[in-house]
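To start, the structure itself, in structure tokens.
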Amino acid sequence: MPEILEAEKARELIEARALGREIATVHAPDAWFLKRGLTPDAAVAALPGHRFTTARRRGKLLLLDTDANGPTLALHLGMSGRVVIDDEAAGDPLLYASNGDNPRWRRFGVTFTDGGSLYLRDPRRLGAAELDPDEDRLGVDAFSLRLPALRARVAKSRAPIKVLLMDQSRIAGLGNLLTDEILFRAGVDPARPANTLRDDEVRSLARAISTTLRVLKRRGGSHTGDHMPAREPGGHCPRDGAEMLRRTVGGRTTYSCPVHQL
Ligand SMILES: [Zn+2]
């Protein structure tokens, strides 16, 4: 499932390939895929004639600004979405091996006057497109999160720390795999109420967030964490050999080590 690292790859692809090209037509066959009041007619009317000028990202949300006071197009990758430009996709093809090229999966997109195209391909249809989104419904982007901001959020929350880290309105971008990897690296139990973390633990957590994002981005995505091999029933901690604990925390399947994650 796409998390912040996959969204960043898609952003980089858009930045490299889609900026400055004039939009000719809009492909919006699925009204359900359009969110927050956007209709196919409105999308078709708003974008042609404009060019994307910047590709931004906040958490997992892709933000494509347009020229001449045009709208900002927002794309959500959902559970299975990929950005495809001129038929080239961002991301690891192995990760999405089941994601073929059924034209029905092109839920939203634009063609350019030069003959190319940008599509959001989404087999599971849980992504979305909208115009001029309220970006502030999302919290601070996980790549920009620094210790003071993390400390403030942790102190105010009694939720399990994993739930806080995945709360997109507080910290934007972290999903299930990245969060488990971060807590594994920080040595913190995912179910600990956030406001019970000591300051040294919050510091470890801040370091683990930044290291995890940097290292896993280089390795190729959110599925490349150190604890991934242990993410199966009977899996053992790669650090100390303990049998991993499998629980549901915040509604998500969670793997953690009962020995070094306290
Ligand atoms: Zn361990």
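The values are calculated or read from the model by the stated rules, or taken from the named source; none is laboratory data. No experiment lies behind these values; they were computed from the predicted model shown. Reconstructed Cβ throughout: ideal geometry from the backbone, glycine too, with neighbour counts over all protein chains shown. Just the protein is used for accessible areas: all its heavy atoms, side chains included, with ligands, DNA and RNA removed. Shrake-Rupley method; radii C 1.70, N 1.55, O 1.52, S 1.80 Å.
What the table below lists for this structure:
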quantity	calculated
Gap separating the Cα centres of the stretch 143-163 and the stretch 19-66, nearest whole Å	32
With DNA, RNA and ligands ignored, accessible area of THR53 (1.4 Å probe; Å², nearest 10)	70
List LEU131, LEU77, ordered by accessible area with a 1.4 Å probe, largest first	LEU131, LEU77
Sum of -39500 (n - 2.57) over DSSP H runs of 4+, divided by residues of the chain (222 nm, nearest 500)	-8000 deg cm²/dmol
Over the chain, relative contact order from alpha-carbon pairs under 8 Å, at least 6 apart, %	18
Under 29 Å from the Cα of LYS156 - lysines, other chains or at least 8 residues apart	LYS60
Radius 9 Å from Cβ of SER80, net charge of other residues (Lys, Arg +1; Asp, Glu -1)	+3
Among LEU73, LEU126, LEU164, residue whose mean-square fluctuation peaks in a GNM of the chain (springs only between Cα atoms under 10 Å)	LEU126
Accessible area per residue, Å², the chain with all protein chains present, probe 1.4 Å	44
Heavy-atom SASA rank of ASP189, ASP199 (probe 1.4 Å, accessible area, largest first)	ASP199, ASP189
Computed accessible area, ARG239, all protein chains, 1.4 angstrom probe, square angstrom	130
Where LYS162, LYS35 fall by accessible area, highest first, once all protein chains stay in place (1.4 Å)	LYS35, LYS162
